1. Quick test for you: out of Gly63, Gly44, pick the one residue that is at pLDDT 90 or above and not hydroxyl-bearing (Ser, Thr, Tyr).
2. Based on this model, can you work out whether Val86 counts as closer than 17 Å to Leu6 by Cα and at pLDDT below 85?
3. Does Glu69 satisfy the criteria of being out of contact with any Gly (no Cβ under 6 Å at 6 or more places or on another chain), outside any loop (DSSP other than H, G, I, E, B) and either among the acidic types (Asp, Glu) or open to solvent by 100 Å² or more (accessible area, probe 1.4 Å) (or both)?
4. Can you name the residue in segment 37-54 that is open to solvent by less than 20 Å² (accessible area, probe 1.4 Å) and free of Cβ contacts under 8 Å to residues at least 40 places away in the same chain and is also nearest to the chain's Cα centre (by Cα) among such residues?
5. Does segment 21-36 contain any residue that is free of Cβ contacts under 8 Å to residues at least 60 places away in the same chain, among the acidic types (Asp, Glu) and either within 20 Å of Thr60 (Cα to Cα) or surrounded by fewer than 16 Cβ atoms within 10 Å (Cβ to Cβ) (or both)?
6. Give the number of residues within segment 9-20 that are under 28 Å from the mean Cα position of the chain (by Cα) and surrounded by 13 or more Cβ atoms within 10 Å (Cβ to Cβ).
7. Looking at Val85, Val78, which is the one that is in contact (Cβ under 8 Å) with a residue 12 or more places away in the chain, open to solvent by 40 Å² or more (accessible area, probe 1.4 Å) and not in a helix (DSSP H, G or I)?
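The values are calculated or read from the model by the stated rules, or taken from the named source; none is laboratory data. Note that the coordinates shown come from a computational prediction; the quantities given were computed from them, not determined experimentally. Cβ placement follows ideal geometry from the backbone for every residue including glycine, while neighbour counts extend to all protein chains displayed. These area figures cover heavy atoms from the full protein model, side chains too; ligands, DNA and RNA do not enter into them. Shrake-Rupley method; radii C 1.70, N 1.55, O 1.52, S 1.80 Å.
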Amino acid sequence: LICQALFKDGVLVAKKDYNAPRHPEINVPNLEVIKAMQSLTSRGFVKTQFSWQYYYYIITDEGLAYLREYLNLPQDVVPSTFKKVVRAPAPSRFGDRPEREDRGGFRRDNEGYRRRNFDENRKEGAGEGFRPEFRGGFGRGRPQQQQQE
């Protein structure tokens, strides 16, 4: 039953609860599922991932060949995770709205908005007469002593 469930989906999940009476998907004690998967992992037939108190078992190519032989299955039978799902093309999100033809890409209308009034002789930043003066008392803590001039 454990091998059939593993081969059917290609993956198997088991909670790390060794005292659970049954596995939720298979009618087998949870401990037997974990130990059987541990055995397959040690032989390289299954890859184990553990996260948030759950074991995640993924069948490898060698495990696929082994389980085919063990379960006497033909070559054309594959797990459901190995099958390609053919999806229908996604419907248009905007219904019958026609496509825009004049799309020029990002910032097509405001290409030079930062350089609109660019003058090579003009310097950027504060003017020449700008002289900031910092006095104490405006920040955190107690005000500093005023300097004598």
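1. Gly44
2. In short, no.
3. Taking the combined requirement at face value, the residue satisfies it.
4. Here is the first cut: in segment 37-54, the ones open to solvent by less than 20 Å² (accessible area, probe 1.4 Å) are 37, 40, 46.
Among the residues that remain, those that are also free of Cβ contacts under 8 Å to residues at least 40 places away in the same chain are: 37, 40.
On the way: Met37: 26, Leu40: 28 Å.
That would be Met37.
5. yes
6. Taking segment 9-20 and keeping what is under 28 Å from the mean Cα position of the chain (by Cα), we get 9-17.
Still in the list and also surrounded by 13 or more Cβ atoms within 10 Å (Cβ to Cβ): 9-15, 17.
Of the residues in segment 9-20, 8 are under 28 Å from the mean Cα position of the chain (by Cα) and surrounded by 13 or more Cβ atoms within 10 Å (Cβ to Cβ).
7. Details: Val85 fails: in contact (Cβ under 8 Å) with a residue 12 or more places away in the chain.
After applying the criteria, what remains is Val78.
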